[in-house]
Amino acid sequence: MVDSHAHYDNERFEADRDAVIRRSFESGVTRIINPGCDIGSSMAAIGLAETHPGFFAAVGFHPHEASAYLEGDMERLKALCSHPKVIAVGEIGLDYHYDYSPRQVQREVFKRHIELARCVRKPLILHDRESHRDVMDLVRSEKGWEVGGVFHCWSGSREMADEALEMGFHIGIGGSVTFRNANRLLDVAAHVPDERLLIETDCPYMAPEPHRGQRNWSGLLSLVLERLAAIRGTTAAALDCITTDNAVRLFKLPC
């Protein structure tokens with residue numbers, strides 16, 4: 001299994017971070033991708049990638065942190081992208097649910113990240129919460145489709161998913177697919193083509209049932225895989241092969 005989205009730099013892992021990562025690999029996860037949320041978080045993700053084989057980093061400013069972006073930060077991110085274990089630009093995008101950063105600031109910072117990804121030829125790890133139209137318009141206008149990537153923790157409709165798929169993007173599905181109120185996501189989970197599906201935890205958030213509300217970790221990724229396999233009428237083993245191959249291909253991970 002490849003956990004295509006995890007946040008082990010988060011403070012909720014402060015007491016036992018390395019031990020949880022080691023247990024994750026012992027549980028059957030073969031690779032973990034940790035996106036950054038700002039410069040410090042991105043550097044922390046790289047540090048973990050240097051420590052743990054099978055661990056990889058992405059770099060960028062989460063939309064919540066867009067207001068903290070400073071002139072010169074994009075050059076710092078570009079330099080970080082040269083690290084051999086940095087495999088994507090992210091977690092980037094727009095979040096109109098919390099609006100922790102002004103929307104116009106979010107959009108400007110998002111555009112600069114797409115430009116960076118096109119420059120360094122790395123895929124995008126996208127955050128889209130209640131901002132779908134603007135995210136899609138910016139990905140189109142800034143030519144983000146040239147490098148592709150994944151819409152992580154998908155929360156939109158099937159029609160929105162079709163729009164993302166038409167531009168060549170992958171769809172990341174996590175613990176919310178196990179929730180009782182996930183009817184719209186179930187439709188998307190059954191609909192995404194095999195070759196565009198990724199699995200993730202988004203840990204420490206979004207723990208799957210029956211662990212909802214607890215700290216999530218990559219060892220619970222098997223619950224996402226099993227639920228998805230049941231929805232799609234296949235086996236967990238077969239879907240594991242598919243989603244692992246997809247992640248390896250998209251992020252150019254070592255086999």
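With the condition kept exactly as written, say whether any residue in the stretch 231-254 is out of contact with any Gly (no Cβ under 8 Å at 6 or more places or on another chain), modelled with pLDDT under 95 and either of a type outside the set (A, V, I, L, M) or assigned to a loop (DSSP other than H, G, I, E, B) (or both). Yes: one or more hits. Close Cβ contacts (under 9 Å, 6 or more residues apart or on different chains) running from residues in the stretch 69-81 that are over 9 Å from Ile39 (Cα atoms) and touching a residue at least 12 places away in the same chain (Cβ under 8 Å) to residues that are part of a loop (DSSP other than H, G, I, E, B) and basic (Lys, Arg) comprise Cys81/Lys122. The condition (being farther than 22 Å from Val224 by Cβ and either basic (Lys, Arg) or in contact (Cβ under 8 Å) with a residue 60 or more places away in the chain (or both)) is satisfied by just one residue among Pro53, Pro63, Pro35: Pro63.
For the stretch 62-80, the criterion of being within 26 Å of Ala236 (Cβ to Cβ) and in contact with a strand residue (DSSP E or B) (Cβ under 7 Å, 6 or more places away or on another chain) is met by no residue.
Within the stretch 64-113, if we keep just the residues that are closer than 23 Å to Ser155 by Cβ and aliphatic (A, V, I, L, M), the residue that is surrounded by the fewest Cβ atoms within 10 Å (Cβ to Cβ) turns out to be Val105. Test Ala229 against the stated conditions and say whether it is in contact with a helix residue (DSSP H, G or I) (Cβ under 6 Å, 6 or more places away or on another chain), free of Cβ contacts under 8 Å to residues at least 24 places away in the same chain and more than 16 Å from Leu186 (Cα to Cα). In short, no.
The values are calculated or read from the model by the stated rules, or taken from the named source; none is laboratory data. This is a predicted model, so every value here is computed, not measured. Counting neighbours? That spans all protein chains shown, and the Cβs are built from the backbone with ideal geometry, glycine included.
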